[in-house]
Amino acid sequence: MNADTDERTVRIAEHLHERTERRIAGTTFGSVDEYVQFVLEEVLAADDDGSYDDVDDDDVQARLRSLGYLDA
């Protein structure tokens, strides 16, 4: 943990770092770190607001079946 900024270092695989660099090219994200922080905040916010809890498993399976991802 960096005492000056209250940040921690997280390690990711090199191939993920490279893909992320390509993904943020031409965007307003100044670094892979900035983008990863944004994505984590979005995922955690969705989890906090319960949006994943509102999904009915039967509805998901029916939708996957209709798309051909699951056997009927």
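The values are calculated or read from the model by the stated rules, or taken from the named source; none is laboratory data. Computed from a predicted structure; not experimentally measured. FYI the Cβ positions are ideal-geometry reconstructions off the backbone, even for glycines, and counts take in every protein chain you see.
Modelled with pLDDT of 90 or more and loosely packed, with under 10 Cβ neighbours inside 10 Å: does that describe G26?
yes
Looking at this structure, is Q61 at pLDDT below 90 and among the polar types (S, T, N, Q)?
Details: at pLDDT below 90: yes; among the polar types (S, T, N, Q): yes.
Here the answer is yes, as Q61 does meet what is asked.
If you check every pair at least six apart or on different chains, which have Cβ atoms under 7 Å apart with a residue in the stretch 21-42 that is closer than 17 Å to R11 by Cα and part of a helix (DSSP H, G or I) first and a residue that is charged (D, E, K, R) and at pLDDT 95 or above second?
Short answer, once both residue conditions are applied: V32/E21.
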